[in-house]
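Each remark here refers to the structure printed beneath this line.
The values are calculated or read from the model by the stated rules, or taken from the named source; none is laboratory data. This one's a predicted model, so the numbers in the text were calculated from it and none came from an experiment. Note: ideal-geometry Cβ built from the backbone for every residue, glycine included; neighbour counts use all protein chains shown. Accessible surface areas use protein heavy atoms only, side chains included; no ligands, DNA or RNA. Shrake-Rupley method; radii C 1.70, N 1.55, O 1.52, S 1.80 Å.
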Amino acid sequence: MVSEITHELKLHKIGIYEHATEEEKQTLDDLQVDSFIKYYKSYQHSVNDPEGFWAQIAETFTWRKKWDKIVEYDWETPKFEWFKGAKLNITENCLDRHLDKRGDDLAIIWEPNDPNEANRTFTYRELHAEVSKFSNVLKNNGVEKGDRVCVYMPMVPELAIAVLACARIGAVHSVVFAGFSSVALSTRINDAECKVILTTDGVYRGSKAVDLKGIVDEALESTPSIETSIVLNRINANITMKAGRDIWWHEELAKVSDICPAEEMDAEDMLFILYTSGSTGKPKGMVHTCAGYMIHTAYSFKNVFQYKHGDVYFCTADIGWITGHSYIVYGPLAAGATTLMFEGIPSYPDYGRFWEIVEKHQVNQFYTAPTAIRALAAQPNELIDKHDISSIKVLGTVGEPINEEAWHWYDEKIGKQKSPIVDTWWQTETGGIMISPLAGVTPTKPTFATRPLPGIQPCLVNENGEELNTNPAEGRLCVKYPWPSMARTIYGDHNRYKETYFTAFSGKYFTGDGSFRDLEGNYRITGRVDDVVIVSGHNLGTAPIENVINEHSNVVESAIVGYPHDIKGNALYAYVIVYETPENDDFLRHEINDLIARTIGPIAKLDKIQFVPGLPKTRSGKIMRRILRKIAENETSNLGDISTLLNPDVVQAIMDGSLVK
Ligand code: 6R9
């Protein structure tokens, strides 16, 4: 093994990147950023010589052919190409290459919805065989490289297997969250013109069984591109199989062998499409490609969570979201980790379920979202205390800004103040984590995502597009150098890609988020820039005000929107969930406004406060402010499609002014 320095030097010859030989080859373990000084050095390296930096990481992977050039980009077109000329298959990196050393290690632990049902596990060898088999099923059914396959399945192991099987034969997967309606499903199928859909007869969700196949049947009435639907039997439901279209998963599996050589893919070939809802309008099909996505998800997984061989890592997301793609499937498997998949929900059979799973599988890294943390924090402590959760070493959060109260609860009650919290900021578009502490390596700071990962160059700009170079600073969060896992386009609409991300600030990627950077250079994400309300000429971010409201002992959660006001231009309307219905509403309103006036200033006082039973949320836990804004503006006749919400019922309850759902 060459020393770090000679290796770096070798890769450093300007413009020429000599590839490492087999003997010189390092692993991701060798490159682990496990001290602050290493972080500092890697970061400097990545800024001074981004190509040398990424080359060194890329050398640790398995290639059919290595690249001719690390990166080529043009912000105007915009076009980004990483590892140009390289050939690979991501599943050879997630599976085949681990077989020699780690073939008998667990790749996936699957925990079912019902704790009384047996869990299932897959070693790397078993997973390799299952993926190969299902790859053959896809091929038998006419799926070819470049074809789009819609995956509409609950969190069963076959979902991960299906995704990997698509990647193995070079088909493009488009996973649609299995809680979406038939309309949302058919829109996505049609946008990508999927040829095949993979689904199940039904879904267990808590104490309920949901008829998934019925939803698919409805969707497929208006999806001309679909030729075949492969159906997994999950709940033994009594469903109708449409002749000539629907076939059973298990029957197809019985026909194939477990050997399937992986298709050779170009570094920039499409790996998957994943839809992300714009705040308005049509969902955006973000396109990710093979090599860059693989490298950044594996590298960031390994370093953010400080994953060590033998650890058990549990991410509670659904594979229907980018978090599940990058940090349940691809990142952990490319890094040779043991990843835990959970089929159920946090509240079934009770709110102790996550902690029961942690105890049962001795989970070392636990990764969830602030919305789940707040829901769990509202439950009695006994639900935590009856489980031994001492195996936890690292806690993660993702999806929205975490408020101070939730951060401290997570740190004290779950982390026992010994497990660093990695507040990971990133997006479907970024493919992987961009700003986050590295657990135990870089310092944490409550509510701050802290520092960029090596290789990532964020910056703040003001409304005129000028970069803010001093600290502290507050502005719009952009990224000023490309990174390997960035989405390359919006499927079928490159112009929208350009308009949305590359037009506001030239030569930069605009994230849509606002951010504050403190004196030391730590970033705090303040929320979507469109969550800013201008009240009497003052720009007020809704997130900091919500944080203050949430500090009131009777407040579970809150959301603020602006509504038109004759004098102030806009005024603030707060929707607040309380633990206990107040005896005197006005008194509580007064207390909340007092708290805001004291902490932020009288300008941020709320004009209206409505106590509500819940807040409308997307399935990934983001508050749908668009709907709350319409209710505040009294424009309830045109709320748009609310069927994709986690809790559509709550919308009516809010409109009725009711405190119960
Ligand atoms: C991974 C994911 C992206 C948006 C992003 C931002 C918000 C995500 C965050 C966070 C504050 C964090 N967001 N992580 N805000 N702190 N740690 O969630 O992707 O569903 O595309 O959402 O989520 O507003 O722009 P996606």
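Annotations for the structure displayed:
- Short-range pairs are left out: with C-alpha atoms under 8 Å and at least six residues apart, the relative contact order of the chain is 11 percent.
- At full extension, residue 599 and residue 36 could sit 199.3 nm farther apart than now, given 0.36 nm per residue minus the alpha carbon distance.
- Proximal aspartates and glutamates relative to residue 66, as straight alpha-carbon distance under 12 Å, when same-chain residues fewer than 8 apart are discounted: 18, 266
- Phi to ³J(HN,Hα) by Karplus 6.51 cos²θ - 1.76 cosθ + 1.60 over segment 448-455, Hz, x for Gly, Pro: 9, 7, 6, 10, x, 5, x, x
- Only beta bridges with both residues in segment 123-263 are counted; by DSSP, about 15 percent of them are antiparallel.
- A Cβ-based charge dipole, computed about the Cα centre of the chain with Lys and Arg at +1 and Asp and Glu at -1, lands at about 560 debye.
- Counting only protein heavy atoms and using a 1.4 Å probe, the accessible area of residue 491 comes to about 40 Å².
- Net charge dipole, segment 123-263: roughly 220 debye, given to the nearest 20, about the Cα centre with Cβ charges of +1 for Lys and Arg and -1 for Asp and Glu.
- Charges were assigned to the Cβ only: +1 to each Lys and Arg, -1 to each Asp and Glu. The resulting dipole of segment 44-116 about its Cα centre is roughly 340 debye.
- Those Cys residues of the chain for which no other cysteine Cβ falls under 4.7 Å: 94, 166, 260, 290, 315, 459, 478
- Here the peptides 188-195, 321-328, 235-242 are ranked by packing, the mean other Cβ count within 10 Å, and the order with the highest first is 321-328, 188-195, 235-242.
- By DSSP, the beta bridges lying fully in the chain are antiparallel in about 60 percent of cases.
- Nearest-0.05 FRET efficiency for residue 378 and residue 587, computed from C-beta distance (R0 30 Å): 0.85
- For residue 195, a cut-off of 27 angstrom between C-alpha atoms picks up these lysines, skipping any fewer than 8 places away in its own chain: 87, 133, 139, 145, 213, 242, 255, 282, 284.
- Rg(Cα) / (2.2 N^0.38 Å) computed for the chain, rounded to two decimals: 0.94
- Computed from label points 7 Å out along Cα-Cβ, the spacing between residue 633 and residue 259 is 6.3 nm.
- In this rough spin-label picture, where each label sits 7 Å from Cα along the Cβ direction, the residue 553-residue 120 distance is 4.9 nm.
- Estimated FRET transfer efficiency when R0 is 45 angstrom, pair residue 656-residue 237 (beta carbons, to 0.05): 0.85
- Among the protein heavy atoms of segment 536-656, carbon and sulfur supply 45% of the accessible surface, probe 1.4 Å, non-protein parts ignored.
- For the chain, hydrophobic long helices are taken as DSSP H runs at least 27 Å long by C-alpha position along their axis with mean Kyte-Doolittle hydropathy of -0.5 or more; none is present.
- Antiparallel content of DSSP bridges confined to segment 536-656, in %, to 5: 75
- Using the Cβ-Cβ distance between residue 480 and residue 140 with R0 set to 41 Å, the FRET efficiency works out to roughly 0.30.
- Once the chain from residue 506 to residue 308 is taken as fully extended at 0.36 nm per residue, the excess over their C-alpha distance is 67.2 nm.
- Per-peptide packing, taken as the mean over residues of other Cβ atoms within 10 Å, places 331-341, 362-372 in the sequence 331-341, 362-372 from highest down.
- Among 83, 286, 151 the positive-end extreme of the charge dipole of the chain (Cβ point charges): 83
- The residues of the chain present an accessible area of 38 Å² per residue when probed at 1.4 Å with all protein chains retained.
- Spacing of the modelled spin labels on residue 467 and residue 27, each 7 Å from Cα toward Cβ, amounts to 3.8 nm.
- Computed over protein heavy atoms with a 1.4 angstrom probe, the accessible surface ordering of 87, 255, largest first, is 255, 87.
- Here segment 173-198 is scanned for amide nitrogen atoms under 20 Å from the site 7 Å beyond the Cα of residue 493 along Cα-to-Cβ, giving 173-177, 180-195.
- Only DSSP H runs of four or more residues enter the estimate; each adds -39500 (n - 2.57), and after division by the residues of the chain the mean residue ellipticity at 222 nm equals -8000 deg cm²/dmol.
- Listed by chain and number, the lysines whose alpha-carbon sits under 26 Å from that of residue 413, ignoring those within fewer than 8 places in the same chain, are 302, 308, 360, 386, 393, 445, 617, 622.
- Within the accessible area of segment 119-254 (1.4 Å probe), percent carbon and sulfur: 45
- Were the residues from residue 647 through residue 75 laid out at 0.36 nm apart, the gain over their Cα-Cα distance would be 202.0 nm.
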